[in-house]
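For reference, the structure is listed below as structure tokens.
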Amino acid sequence: QVQMVESGGGLVQPGGSLRLSCAASVNIFNGNAMGWYRRTPGKERELVALIIGAGSTIYADSVKGRFTISRDNTKNTMYLQMNSLKPEDTAVYYCYAHSPFDFRNYWGQGTQVTVSS
């Protein structure tokens, strides 16, 4: 069973930055699909950023130019650098990965990001 744990969330003022981390128990980020989603109360889960294939990235329009997804396979960790944060970025952020070992999808438990003055 793959374990994935997010960290790095918290309270930040508008315009500030946070870096989320997702640490996995195995090298799941060597697969073909991984990324970050977020959910706010009353809304559907929303794609934030993805890495697919050999390293192509996809971003939601709302975060393009502000967020950057990356991974470090030597540390079994994926990151989401979030800059110029806005109140509408407030959500619980979840990391996701498609395992290259058992071809299942795995999710972290979520980390709260709150952008408020």
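Got the relative contact order for the stretch 47-107 handy, in percent, Cα pairs under 8 Å and 6 or more residues apart? List each step's numbers first, then the result.
Values: 56 pairs, mean separation 11.2, N = 61.
Relative CO of the stretch 47-107 lands at 18 percent.
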Quick one: what are the phi-derived ³J(HN,Hα) couplings along the stretch 85-97, Karplus 6.51/-1.76/1.60 with θ = phi - 60°, whole Hz, x for glycine and proline? 5, 10, x, 6, 7, 4, 4, 8, 9, 10, 8, 9, 8
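Please sort by residue number the trypsin sites (Lys or Arg not before Pro) in the stretch 60-94 whose DSSP state is loop and whose Cβ has at most 15 other Cβ atoms within 10 Å.
On the way: sites: K64, R66, R71, K75; in loops: K64, R66.
Here the sparse-neighbourhood loop sites are K64, R66.
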As straight-line cross-link partners of K64, the qualifying aspartates and glutamates (C-alpha separation under 18 Å, not fewer than 8 residues apart within one chain) are E46, E88, D89
Taking amide H positions as placed in the peptide plane 1.01 Å from N, state which residues far from R71 in sequence (5 or more) or on other chains have amide H under 5 Å from it. Y79
What chymotrypsin sites (Phe, Trp or Tyr not before Pro) does the stretch 22-117 have in DSSP loop regions with at most 16 other beta carbons within 10 Å? F101, F103
Kindly list the residues of the stretch 54-75 that lie in the label zone of N32, defined by a backbone N under 11 Å from the point 7 Å along the Cα-to-C-beta vector. 54
Percent relative contact order for the stretch 5-117, counting Cα pairs under 8 Å at least six residues apart, stands at 37
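A short reminder: the numbers here are calculations on the coordinates, not readings from a lab. Keep in mind that what you see is a predicted model, and the values were worked out from it rather than measured. Every residue, glycine among them, receives a Cβ derived from its backbone with ideal geometry; neighbour counts consider all protein chains shown.
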